[in-house]
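The structure appears right after this line, and notes come after that.
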Amino acid sequence: MAKLMTLMVLPERCTGCRTCENVCSYYHEGSFNPARSRIQVVRDVIRGVNVPLVCQQCEDAPCVAACPTGALSRDAERGLVEIDYSRCIGCKTCVSVCPFGGMSTDPVTNRPIKCDFCGGDPQCVKHCVPGALLYVPVTAANVLQKRRVLERIPQFVEVALPKLPEVG
């Protein structure tokens, strides 16, 4: 069995250059279009912090549990949550239930997209000059580090995203 790997985000190192978004969209879609990237950098201008958001490959993945067609499942060997587009109906329930903003919708295909670690060679990590993205073996230590970062994400997203009007 292959060693399980994970993508670690170190927001304190992120400069907000958005190279990761461009590299990802080019690798997957053949165009430099950050809207089609599987990683999104959220900028908190008040705190001066940039946070790359990417699928966390959650152990108890809410996207997998919420998918009405079973199009999302975990690859047992690599531990990745994957999308089977032949089963996906495009309802985007997976996008709406992701607590970390790791799933998004491709604006061209209108299908959900998420990080797939570029088949085991994450391009965002290779091109992240400040070293804010790391591809590392899953260990107890880096799981704790990821948990600390994930706990801070809601406060960044709350400040960085515009408030939507109340419905009702």
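Summary of values
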read-out	value
Test: residue in segment 126-141 that is more than 17 Å from the chain's Cα centre (by Cα), of a type outside the set (V, I, T) and buried (at least 19 other Cβ atoms within 10 Å of the Cβ)	no
Filter pass, L7 being surrounded by 18 or more Cβ atoms within 10 Å (Cβ to Cβ) and within 13 Å of the chain's Cα centre (by Cα)	yes
Test: residue in segment 65-84 that is closer than 24 Å to E21 by Cα, touching an Asp or Glu at 6+ places or on another chain (Cβ under 8 Å) and in a loop (DSSP other than H, G, I, E, B)	yes
Failed item, numbered, when C14 is tested on (1) closer than 15 Å to G102 by Cα; (2) crowded, with 18+ Cβ neighbours inside 10 Å	(1)
Residues of segment 56-89 that turn out to be modelled with pLDDT of 95 or more and on the phi > 0 side of the Ramachandran plot, as a count	1
Residue within segment 111-119 that is part of a loop (DSSP other than H, G, I, E, B) and in contact (Cβ under 8 Å) with a residue 40 or more places away in the chain present	yes
Neighbours by Cβ (under 6 Å, 6+ apart or cross-chain): first from segment 92-106, closer than 11 Å to V64 by Cα; second part of a helix (DSSP H, G or I) and among the small types (G, A, S)	T93/A66; V97/A66
Check on R47, among the basic types (K, R), modelled with pLDDT under 90 and surrounded by fewer than 18 Cβ atoms within 10 Å (Cβ to Cβ)	yes
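The values are calculated or read from the model by the stated rules, or taken from the named source; none is laboratory data. Just so we're clear, the structure is a prediction, and the values are computed from it rather than from any experiment. All Cβ positions, even for glycine, are placed from backbone atoms using ideal geometry, and neighbour counts span all protein chains on display.
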